[in-house]
Amino acid sequence: MYYVSFDSAKFYPIVKEVSIRYPRPASTDLTPEVSLEPGEVEAIQRATQKEGKKDWTIDLELKDAHGEVCSMVHGTWQMRRFQENKQ
């Protein structure tokens, strides 16, 4: 999600906090499902560019091969701006 949504030459994400729930065991491979609206991406980048960092939360589900939710992740992330070289 990071590499396709954000400008990786200007910003990098860190994980501040994550909680994971396991409502059922997985017996197949899991596939994560997560999304951010384009407006959210733009707002995060604008705030990060202006202030140097920006927190946001995101929820994702991990589903098994049958489409059943086996894990739910709630995380607080922080986007940070790379420091400019001042040589």
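Extension gain for residue 66-residue 18 works out to 14.7 nm (0.36 nm per residue, less the C-alpha to C-alpha distance). Ranking 38, 70, 14 by Cα position along the charge dipole of the chain, where only Lys, Arg, Asp and Glu carry charges on their C-beta atoms, puts 14 farthest toward the positive end. Give the label of the value calculated from the structure for volume of the Cα convex hull per residue in Å³, choosing from (1) 96; (2) 82; (3) 105. Evaluating volume of the Cα convex hull per residue in Å³ on these atoms matches (3).
Compared with the dominant principal axis of the Cα atoms in the chain, helix 38-51 is inclined by about 40°.
Return a single number: how many Lys pairs in the stretch 2-81, at a sequence separation of 8 or more or on separate chains, have alpha-carbon atoms below 23 angstrom apart. Lysine pairs satisfying the spacing and distance rule in the stretch 2-81 number 6. Under the combined filter of DSSP loop state and at most 14 neighbouring Cβ atoms within 10 Å, the chain retains these chymotrypsin sites (Phe, Trp or Tyr not before Pro): 82. The length gained by stretching the chain between residue 9 and residue 53 to full extension, at 0.36 nm per residue less their Cα-Cα distance, is 14.4 nm. Shown here for the chain: GluC sites (Glu not before Pro) in loop regions (DSSP other than H, G, I, E, B) with at most 16 other Cβ atoms within 10 Å, namely 68, 84. Under a model in which nothing but the beta-carbon of Lys, Arg (+1) and Asp, Glu (-1) is charged, the chain shows a dipole of about 520 debye around its Cα centre.
Bear in mind that the values in this text are calculations on the coordinates, not laboratory data. Because the structure is predicted, anything quoted here is derived from the model rather than measured. Note that each Cβ is placed from the backbone with ideal geometry, even for glycine, and that neighbours are counted across all protein chains shown.
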